[in-house]
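The values are calculated or read from the model by the stated rules, or taken from the named source; none is laboratory data. Please read these numbers as outputs of a predicted model, since none were measured by experiment. Neighbour counts run over all protein chains shown; Cβ positions are idealised from the backbone, glycine included. Calculation scope for accessible area: heavy atoms of the full protein, side chains included, ligands and nucleic acids excluded. Shrake-Rupley method; radii C 1.70, N 1.55, O 1.52, S 1.80 Å.
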Amino acid sequence: MPLPIEDYAAIGDGHTAALVGIDGSLDWLCFPQFDSHACFAGLLGTDQNGHWLLGPSGRHTATRRYVGDSAVLETTYTTDGGQVRVTDLMPTGDRRADVVRRIEGVRGTVSIRHSWVVRFDYGRIRPWVHREQVEGQPAIVAIAGPDKLILTGPRLPPAVDGHHEETFEVHEGEELDFTLTWVPSYREIPAAIDVDARLAFTLREQQEWADACIYDGPWRPAVVRSLVTLRGLTHVDTGGIVAAPTTSLPEDFGGLRNWDYRYCWLRDAALTLESFLAAGRADYAHHWRDWLLRAIAGDPEDMQVMYAVDGARHLPERELEHLPGYADSRPVRIGNGAVDQRQSDVLGEVMCALSMARNHGVSETRDSWSLQRTLVNRLAEDWRRPDNGLWEIRGPLRRFTHSQVMVWAAFDRAIEGVEQHGLDGPVDEWRAVRDQVREEIMEHGYDAARNTFTQHYDTDEVDASLLVLPLVRFIDGDDPKMVGTIEAVEKDLMHDGLLLRYRTTSGVDGLAGDEHPFLACSFWLVSAYALAGRHDDARALMDRLVALANDVGLLSEEYDVAGCRMVGNFPQAFSHLALVGAAMNMLRASTTS
């Protein structure tokens, strides 16, 4: 059965990612890329929906770490009889799809259980399996439809009632390498990889990337781990950035708020790009901007809020009835119905990220600025339309204050492009619209009686997204209106010291059930505290949030305070990019105060 979410760690190769439990069970993997069908889907069901276990067969203790600042996972198991070390990685730098698992006997003798259950199409399809020799080494080959998986190693488990399983002993000084390789089913089995060489290359390349991070503040380990995680969610070929490598990990255990996050939201990707830029990785701006140009090419009217990792647009949402869901949380969904939503804030986030890229020396091309200008001009025609908002509300469309602030930001950054970078555009028209947007927000999105901005124009409810207003320069962080908004958010949305996104009891989202505090919102509060001059509060909350990461520094989407456990898709880009942003904002605030 699946472990608590915090007991998983992620490994990846820049094309996809796998979740490996602290017990040694690989319970989630989509090959060959993030949004492909899962071949191991035990995370959302049982072991019979697919898993690959290499771990002690009896009582043991386990400690684990990432090697340096890499995404190479090392788990040490200690039993009464001895100790073994398991190294898990997906090698980078070649265009293969491999998982490598190395077991080393450290001392004594340890009994290892090896269980391999492949089920393609999200745990539904049982493959045809046979054995053969690959370069003189035994291999198990599983085939179904378009997929072929090859498991190689010095000893492989026998078939037992539809799966493969055995128990064997590892002695001190022994080293056993197991490799799982995916290829299209019509291709020949590829040559074996040189495990030592690929491990060394992966460790060196990933450490060098992390070392280039320019942040040197008090939370550097957490910032670097977050950046490494965000990099792991970025497709190395296309430049698309996924929100998480998982689907349907619930926002409320046993509930229906279960969504597929294996796609590229323009908003999340833009905010991730800002994290890379702040850390000194301007090279990522070119890669993502090229992805953006390809993905939204065509009529600006057709721009979506999300795309597949390769830029594909068709992401219909459907339910997988054969899977019971994580913690019995149904339905399990693939695809995402929010693809058809109107979210007016998205262009604002994109324009802010591209503006930041310009300020970091990334020059515009003719096509990239032409696209931005076209999208901003289109926004000038329909910015007053209600939308689904940042949180992808599935209730009635509203005039969300955060959405309108990001509309303001879109025009503000377009104007900045003309005034500070010499780009061409109807700057007078854009200024007029920007001023209209601001005037409307101050009239309809601000509650003078409570001294707070509001969630949308027809309510006195607040929303944690209001905390980003000073982050996008709409208002100063210490402005009395912003100070009042922070206080209102604390009063209405604080839950055991962490922030909810909004009060679900208001019915605004059109969904049944509840949810837990959303980690990115609490990181936004850290930034808001810092910009408001509440530095002690900012440091205290930052320390608490960083401590909520699991033992290898990963964060989920939400956190169950009462249960002291993670909730939602994992690892979550939004949580990690907000951590990076909070650390950067605190550093800037401390140097300017």
Any residue at all in region 512-523 that is of a type in the set (G, A, S), at pLDDT below 95 and either open to solvent by less than 10 Å² (accessible area, probe 1.4 Å) or within 29 Å of G254 (Cα to Cα) (or both)?
yes
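I'm checking my understanding of the structure. Among residues of region 138-180 that are in a loop (DSSP other than H, G, I, E, B) and among the charged types (D, E, K, R), which one is surrounded by the fewest Cβ atoms within 10 Å (Cβ to Cβ)?
Going through the qualifying residues, I end up with D161.
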Can you find a residue in region 423-445 that is open to solvent by 30 Å² or more (accessible area, probe 1.4 Å), touching a Phe, Trp or Tyr at 6+ places or on another chain (Cβ under 9 Å) and closer than 23 Å to F523 by Cα?
no
Answer residue from region 309-337, given it is open to solvent by less than 70 Å² (accessible area, probe 1.4 Å) and not in a loop (DSSP other than H, G, I, E, B) and is nearest to R289 (Cα to Cα) among those:
G337
Residue, surrounded by the fewest Cβ atoms within 10 Å (Cβ to Cβ), within region 11-51, restricted to residues that are among the polar types (S, T, N, Q) and not in a helix (DSSP H, G or I):
T46
Residues to consider are R503, R539, R565, R544; find the one that is among the charged types (D, E, K, R), more than 23 Å from L227 (Cβ to Cβ) and at pLDDT 95 or above.
R565
Pairs please, first residue from region 481-492 and of a type outside the set (A, V, I, L, M), second anywhere and in a helix (DSSP H, G or I), Cβ atoms under 7 Å, 6+ apart in sequence or on different chains.
T485/L466
Consider L375 carefully, then state whether it is in a helix (DSSP H, G or I) and either over 24 Å from the mean Cα position of the chain (by Cα) or in contact (Cβ under 8 Å) with a residue 40 or more places away in the chain (or both).
yes
Those residues of region 60-81 that are hydroxyl-bearing (S, T, Y), part of a loop (DSSP other than H, G, I, E, B) and more than 29 Å from the chain's Cα centre (by Cα) come to a total of 1
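Those residues that are part of a strand (DSSP E or B) and aliphatic (A, V, I, L, M), I need them from region 537-593; list them, please.
Those that are part of a strand (DSSP E or B) and aliphatic (A, V, I, L, M): M566, V567.
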Just one listed residue, out of E364, E416, is among the acidic types (D, E), touching a residue at least 60 places away in the same chain (Cβ under 8 Å) and open to solvent by 10 Å² or more (accessible area, probe 1.4 Å), and it is E416
Looking only at residues that are among the basic types (K, R) and part of a loop (DSSP other than H, G, I, E, B) in region 243-272, which one is surrounded by the fewest Cβ atoms within 10 Å (Cβ to Cβ)?
R257
Regarding A338, is this residue farther than 26 Å from S248 by Cα and under 21 Å from the mean Cα position of the chain (by Cα)?
no
